[in-house]
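Report on the following structure.
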Amino acid sequence: MKPFAADFPILSRPVHGRRLVYLDNAATTHKPDAVIEAERAFYRESNANIHRGVHWLSQHATDLHEAAREKVRGLLNAARADEIVFTRGTTEAINLVAQSWGRANLKPGDEILVTGMEHHSNIVPWQLLCAQTGAVLRHVPITDSGELEPGAYESLLGPRTRLVAVVHVSNALGTVNPVEEMTRKAHEAGALVLVDGAQAVAHQRVDVRAIGCDFYAFSGHKLYGPTGIGALYGRRELLAAMPPWQGGGDMIRTVAFEGSTWAEPPARFEAGTPNIAGAVALGAAIDYVQGVGLERIAAHEHALLAVATEAVQRLPGVRLYGTAPDKAGILSFTVQGIHPHDLGTILDAEGVAIRAGHHCAMPVMTRFGIPGTARASFALYNDERDVDALVAAIGKAQRLFNGERVQ
Ligand code: PMP
């Protein structure tokens with residue numbers, strides 16, 4: 001694969017006087033020139049509020065915003081662009097489903113089923129909803145390898161299950177969940193399915209129609225796009241039957257003091273002026289990854305993961321968390337005798353940016369009886385030099401902690 005790092009200006013800035021080795025892509029990815037330029041060009045040439053102006057510029061901005069929606073539709077292979085609701089990101093998309101669909105449909109005793117490897121944003125919105133409705137949150141336990149406990153999902157799915165909310169790719173372990181099969185089983189049990197795709201969309205091809213899920217959420221900033229923009233895919237019949245969750249301009253058909261009526265989706269769920277420039281730049285990010293090719297990105301990241309896994313495992317005292325055969329480019333590990341935060345700090349001094357902590361997945365840490373892990377996560381611009389730098393920096397940290405003098 002041609003080195004793509006040259007497309008990402010931030011990667012050429014040194015950190016602590018060293019080459020930046022950015023391995024915190026699961027937290028957020030960097031932005032290629034094409035994305036930065038799209039956002040800048042929007043403000044320089046196309047800025048206006050959308051959906052309300054009669055003037056040319058407003059119509060132009062509206063067209064760009066809707067063209068971005070169409071790009072998201074294509075990315076997810078949704079049937080129709082009006083099945084795509086722009087949100088601030090994955091978190092807001094999940095809260096939207098909880099507060100709109102959930103509040104309208106759940107009764108005391110209904111169950112929401114998640115997994116033991118969810119990000120907090122696919123746990124807490126359901127806990128809030130349970131407190132509001134009397135529904136009950138259950139979870140599928142995970143194994144030592146970081147996969148769903150065999151048979152547990154099937155036995156927890158039952159007539160009371162109304163929604164399965166599952167992460168496509170775990171940000172803490174890298175596990176890829178069998179969302180297609182899980183969706184089929186949930187539908188057989190009469191439950192809907194929401195997939196948290198935050199860690200999936202930038203790393204593999206996603207097809208919501210092949211998965212068959214009812215909702216799919218992702219964030220633009222993990223897909224080389226800007227922060228503050230993401231999307232929720234929702235099946236059309238479901239969105240059409242859901243009430244608004246936030247009120248304001250743009251989401252109404254009529255407003256009177258006696259009562260108001262709602263616009264059709266997706267506008268019904270997009271109250272207020274949205275992140276127009278962000279949506280346009282997200283469209284540019286989608287063009288960028290599709291230009292590279294998602295299959296190619298997946299193959300590149302898998303190859304890096306394999307090299308990194310082998311190299312890190314060769315170091316003494318390293319334990320990996322998440323060893324499922326079906327894994328995305330996320331390497332979560334601990335090093336004996338070194339707290340993940342200390343490791344992260346020493347690596348940072350070497351210019352190696354990783355994440356250390358619970359990765360907003362505290363139940364995963366509790367499951368493994370640890371406070372946190374160190375996490376290296378790959379993107380299309382990483383290469384084997386980055387893996388070498390990671391391994392060398394971990395070795396240096398180990399020598400430091402062993403009291404050796406390290407140059
Ligand atoms: N789910 C997963 C699996 C994630 O990794 C993240 C981000 N770390 C989120 C949800 C939340 O995404 P955001 O903060 O962009 O809303």
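Structural remarks
- Computed about its Cα centre, the charge dipole of the stretch 21-60 is approximately 200 debye, with only Lys, Arg, Asp and Glu carrying charge at their Cβ.
- Beta bridge orientation in the stretch 34-290: antiparallel %, DSSP, nearest 5: 50
- When the Cα atoms of the stretch 1-149 are aligned to their principal axes, the ranges along those axes come out at 53, 52, 29 Å in descending order.
- 5 angstrom amide H check on residue 87, placed H, neighbours 5+ away: 230, 231, 232
- Along the chain, longest interval not containing exposed GluC sites (Glu not before Pro), exposed being DSSP loop plus at most 16 other Cβ atoms within 10 Å: 1-257
- Ranked by the mean number of other Cβ atoms within 10 Å per residue, highest first, peptides 192-198, 13-19 order as 192-198, 13-19.
- The phi-based Karplus calculation (6.51 cos²θ - 1.76 cosθ + 1.60; θ = phi - 60°) puts the 3J(HN,Hα) values of the stretch 243-256 at x, x, 10, 9, x, x, x, 6, 9, 10, 9, 9, 10, 9 Hz, whole numbers, x for Gly and Pro.
- Gaussian network model of the chain, Cα within-10 Å springs - most flexible of 74, 357, 317: 317
- Positive minus negative residues near residue 40 (Lys, Arg vs Asp, Glu; Cβ under 15 Å): -2
- Within straight-line reach of residue 185, meaning a Cα separation under 27 Å, sit the following lysines at least 8 residues removed in sequence or on another chain: 107, 327.
- Scanning residues 5 or more positions from residue 140 or on other chains, those with amide H under 5 Å from its amide H are 114, 115, 116, with H placed 1.01 Å from N in the peptide plane.
- The HN-Hα couplings worked out from phi for the stretch 176-192 by the Karplus form 6.51 cos²θ - 1.76 cosθ + 1.60 (θ = phi - 60°) are 9, 8, x, 5, 5, 5, 5, 5, 4, 5, 4, 5, 4, 8, x, 9, 8 Hz, whole numbers, x standing for Gly and Pro.
- For the stretch 283-301 and the stretch 100-147, distance of Cα centres in Å: 32
- Cross-link partners for residue 71 among the lysines, with Cα-Cα distance under 20 Å and sequence neighbours closer than 8 places in the same chain left out: 31, 222.
- Column: log10 I(q)/I(0), Debye, Cα scatterers of the stretch 34-290, q = 0.08, 0.13, 0.14 Å⁻¹: -0.32, -0.81, -0.93
- Overall, the chain carries a charge dipole of about 440 debye about its Cα centre when +1 sits on the Cβ of Lys and Arg and -1 on the Cβ of Asp and Glu, all other atoms neutral.
- Most mobile of 253, 88, 160 in a GNM of the chain (Cα contacts under 10 Å): 253
- Rounded to whole Hz, the Karplus (6.51, -1.76, 1.60) HN-Hα couplings of the stretch 96-103, x for glycine and proline: 4, 5, 4, 7, 9, 4, x, 5
Laboratory data are not the source of any read-out in this text; all were calculated from the coordinates shown. These numbers were taken from a predicted model, which means no experiment stands behind them. With ideal geometry, Cβ positions are generated from the backbone for all residues, glycine too; neighbour counts draw on all protein chains shown.
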